Amino acid sequence: MSLAKITSVKGRGVYVPGNDIDTDRIIPARFMKCVTFDGLGEFLFYDVRKQADGTDKAHPLNEARFKGASVLLSGANFGCGSSREHAPQAIQKYGFKAVIAEGFAEIFFGNCTTLGIPCLVARREDIARIADAVNARPDLEIELDLNAREIRFGGQTVKATIRETDRDALIHGRWDAIGELLEGRNAVLETAQKLPYLAA
Amino acid sequence: MAKSLFQKVWDAHHVRTLANGQTQLLIGTHLIHEVTSPQAFGMLRDLGLKVAMPHRTFATVDHIVPTDQFAEPFADPLADAMIKELRRNCAEFGITFFDRATGKQGIVHIVGPEQGITQPGTTIACGDSHTSTHGAFGAIAFGIGTTQIRDVLATQTMALGKLKVRRINVNGRLRPGVYSKDVILHIIRVLGVNGGTGFAYEYGGEVFDRFTMEERMTVCNMSIEGGARAGYVNPDETTFAYLKGRPYSPKGAAWDQAVARWRSFASDAGCTYDDVVTIDAATIAPTVTWGINPGQGIAITEQVPDPTKVSGDERSSIEEALAYMKLKPGSPIKGTRIDVAFMGSCTNGRLSDFQEVAKYLKGRRVAAGVKAIAVPGSQGVGILCAELGIDRVFRDAGFEWREAGCSMCLAMNPDKLIGDQLCASSSNRNFKGRQGSPTGRTILMSPLMVAAAAVTGSVADAREVFSVPSA
Ligand code: SF4
């Protein structure tokens with residue numbers, strides 16, 4: 001299986017402020033009653049975006065000027081809570097290609113990598129600068145450079161970090177591990193033989 | 001060299017190092033449920049792959065099952081489609097399914113231990129973040145996403161980076177009326193909701209040595225709420241006694257061999273940890289949450305925080321939480337009116353949870369206007385409660401006694417909060433909208449505290465309500 005080498009993501013941004021934005025907020029559980037991930041994008045942040053009657057609440061994703069944004073910016077501990085892949089799936093299906101935050105919950109971060117969504121960690125003041133720039137000029141292009149570990153926008157450059165194993169997987173096009181895992185078949189059987197509880 | 005349990009289990013299951021430096025880790029036991037697995041089976045079919053070790057994969061249905069209706073089809077066609085899809089996938093790929101007709105169905109994290117599938121020194125994965133529960137047995141258990149479920153189905157392995165280990169000692173004795181739920185709420189309050197990032201938590205100390213398996217499970221269950229990827233307790237005699245005679249436990253000579261092997265996985269004395277935290281049990285009070293994440297907790301005797309006394313980020317997060325919870329800054333949490341009392345979930349839906357509450361609930365009544373529901377975590381728990389007459393005690397007190405499932409923990413079934421109802425809940429998450437209403441409010445607490453709230457109609461100190469003897 002050949003996967004894209006994700007070395008850079010370019011696109012317009014939108015800032016969804018807040019810390020500890022959990023997976024129930026990203027995709028409320030009632031929308032997980034599905035047997036495929038299709039169509040999850042429209043329920044992204046549903047309860048904070050919509051009133052009970054389905055009309056819009058004030059939310060950055062509802063603002064026309066941020067339509068088409070593909071880089072999501074947020075605060076600390078983004079994606080905490082559930083292991084549900086419905087959360088990164090909803091983010092991807094909505095049209096986001098990357099997330100920048102002060103920090104990520106671990107399972108969410110791993111799930112994103114597996115879908116080829118780079119999650120970059122930046123300092124709070126740098127995220128604030130990017131957010132200011134985006135709010136002033138929504139059509140501004142943000143570039144996430146995974147090789148240089150940098151984020152560039154409007155002539156400015158800030159540092160970003162990402163766990164090395166995940167950066168490596170993204171830039172070398174092996175973020176979906178299945179191919180490599182399947183290649184290890186014989187080694188798996190050898191390891192399994194040493195574990196009595198796996199005997200059929 | 002002295003090693004921790006985590007290190008030993010990791011080494012025993014390390015298949016090889018992958019190109020990006022992660023480990024290809026063998027997953028000995030794979031548990032699946034209806035919400036996160038159907039897409040994984042879909043991916044498997046798309047790739048033309050089979051399940052590598054169907055005999056090491058076990059399924060149950062928990063999130064979407066109605067708890068007041070046993071017959072199928074379910075009233076909700078989406079829920080009905082999900083149970084049928086799981087049934088079809090298990091049949092097609094040869095996977096054991098603890099379906100409702102088996103009498104063994106229940107919340108996945110209750111069924112695994114109950115059946116003796118959860119064993120020390122093993123690796124366990126499940127597409128559910130509370131998989132950390134199984135660590136109570138000295139297993140390393142990971143919550144995973146759907147693409148990883150596909151990986152485990154197809155290869156019985158997954159790609160994972162190694163974790164650091166933080167040893168958390170809780171020494172001394174818990175005060176009367178303080179439970180394992182309070183221990184974990186306290187730990188998360190102290191270390192924070194993301195304090196565990198990059199870590200597995202190893203729980204130990206006198207309190208854990210004395211804890212029953214069910215108490216250990218309650219703590220390990222919520223490791224993930226503290227940001228830790230896994231949490232575990234070293235296996236000991238308590239562990240082995242619990243497992244003896246369970247359906248999937250080894251039998252005869254194999255039992256003795258297994259116990260010897262399980263014992264060898266416990267952390268060696270003198271092994272090094274990446275971090276050590278020590279907590280004095282006597283400092284832990286009955287703890288309740290006041291906010292919108294499990295780290296926002298206080299002792300029942302305390303006041304909710306006042307945002308004007310702090311600044312910056314902390315201030316705005318307190319303001320946001322209090323506004324959502326409709327609580328007044330600086331006011332006591334005790335006395336806050338509740339609408340619903342929920343007793344159940346993979347945190348506190350086990351026999352001992354109902355048993356402990358029943359001791360105090362006899363002869364008491366749920367307050368007028370409070371909807372109280374008690375939901376056994378598995379059919380097995382329900383059967384034992386019925387044998388012991390525990391369901392009667394709950395019913396007589398005015399609780400609705402339901403069929404096994406996740407129920408109101410996350411409301412992917414008909415059990416939901418309505419509007420801004422406030423729920424005293426024995427579950428594990430108080431996120432905005434968690435219990436099914438976008439404005440519904442949740443206060444997490446121990447089962448006995450839920451019962452105290454149910455009978456008084458407001459958040460209460462169970463020690464007072466039930467005159468819990470002070471020693
Ligand atoms: S009881 Fe709640 S936390 Fe546990 S598995 Fe079910 S939904 Fe998840």
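The values are calculated or read from the model by the stated rules, or taken from the named source; none is laboratory data. Just so it is clear, the structure is predicted and the values come from calculations on it, not from any experiment. Note: ideal-geometry Cβ built from the backbone for every residue, glycine included; neighbour counts use all protein chains shown. Ligands, DNA and RNA are excluded from the accessible area calculation, which covers all protein heavy atoms including side chains. Shrake-Rupley method; radii C 1.70, N 1.55, O 1.52, S 1.80 Å.
Whole-Hz ³J(HN,Hα) for each residue in the stretch A:178-186, computed from phi via Karplus 6.51 cos²θ - 1.76 cosθ + 1.60 with θ = phi - 60°, x for glycine and proline: what do you get?
Result, ordered by residue: 4, x, 5, 5, 5, 4, x, 3, 5 Hz.
Rounded to whole Å, give me the distance from the Cα center of the stretch B:236-289 to that of the stretch B:411-464.
When both Cα centres are located, 31 Å separates them.
Tell me, what is the per residue accessible area of the stretch B:179-263 in Å², probe radius 1.4 Å?
It amounts to 33 Å² per residue over the stretch B:179-263.
Please provide three numbers in whole Å: the alpha-carbon extents of the stretch A:8-175 along the principal axes, with the largest listed first.
44, 36, 24
Taking a probe of 1.4 Å, how large is the accessible area per residue of the stretch B:48-105, in Å²?
Accessible area per residue, the stretch B:48-105: 42 Å².
Extent of the stretch B:39-177 along each principal axis, from alpha carbon coordinates, in Å, largest to smallest?
The Cα atoms of the stretch B:39-177 stretch 51, 38, 23 Å along the principal axes, largest first.
Heavy-atom accessible surface, probe 1.4 Å, ligands and DNA/RNA ignored: which residues of the stretch B:155-198 lose at least 50 Å² versus the isolated chain?
Residues of the stretch B:155-198 that lose at least 50 Å² of accessible area once the other chains are added: B:T155.
Just to be sure I understand the model, the point goes 7 Å from the Cα along the line to the Cβ. What's the resulting B:E314 to B:T439 distance in nm?
3.1
For chain B, give me the percentage of DSSP beta bridges that are antiparallel, rounded to the nearest 5 percent.
25
Do you know which residues of the stretch B:418-437 lose at least 40 square angstrom of accessible area in the protein assembly compared with their chain on its own, with a 1.4 angstrom probe?
Checking the loss per residue gives B:F431, B:K432.
Using only protein heavy atoms and a 1.4 Å probe, how much accessible area in total is buried between B and A, to the nearest 100 Å²?
What B and A bury together is about 4900 Å².
Which lysines have a Cα lying under 16 Å from the Cα of B:K162, excluding residues fewer than 8 positions away in the same chain?
Here the lysines satisfying the reach criterion relative to B:K162 are B:K3, B:K8.
Over its Cα atoms, what ratio of radius of gyration to 2.2 N^0.38 Å does the protein assembly as shown give? Walk me through the numbers before you get to the answer.
Numbers: Rg = 23.8 Å, N = 671, 2.2 N^0.38 = 26.1 Å.
The protein assembly as shown yields a ratio of 0.91.
Please compute P(r) over all alpha-carbon pairs of the stretch B:5-275, binned at 10 Å starting from zero, and give each bin as a whole-number percent.
7, 29, 35, 22, 7, 0
Say the dipole of the stretch B:5-275 comes from +1 at the beta carbon of Lys and Arg and -1 at that of Asp and Glu; which of B:T102, B:G127, B:L26 then lies farthest toward its positive end?
Checking the options against the dipole of the stretch B:5-275, the answer is B:L26.
Any idea of the accessible area per residue across the stretch B:289-465, 1.4 Å probe, to the nearest Å²? Each step should come with its number before you reach the end.
On the way: 5850 Å² over 177 residues.
I get 33 Å² per residue for the stretch B:289-465.
Return the aspartates and glutamates within reach of B:K244: Cα separation strictly under 17 angstrom, same-chain partners fewer than 8 residues apart disregarded; answer none if there are no such residues.
Qualifying aspartates and glutamates at Cα under 17 Å: B:E114, B:E214, B:D236, B:D256.
Please work out, to two decimal places, the log10 of the ratio I(q)/I(0) at q = 0.09, 0.12 Å⁻¹ from a Debye calculation in which every Cα of chain B carries one identical scatterer.
-0.57, -1.05
Calculate one ³J(HN,Hα) per residue across the stretch B:334-349 by plugging θ = phi - 60° into the Karplus curve 6.51 cos²θ - 1.76 cosθ + 1.60, and present them in order as whole Hz with x for glycine and proline.
4, x, 5, 5, 10, 10, 9, 10, 10, 10, x, 5, 6, 7, 9, x
Which of the lysines could a cross-linker bridge to B:K84, judged by Cα under 27 Å and excluding same-chain residues fewer than eight apart?
A:K33, A:K93, B:K50, B:K104, B:K416
Round to a whole number: what % of the accessible area of the protein assembly as shown belongs to carbon and sulfur, probe 1.4 Å? Before the final figure, lay out the partial values.
On the way: 11920 of 23030 Å².
Accessible surface attributable to carbon and sulfur in the protein assembly as shown totals 52 percent.
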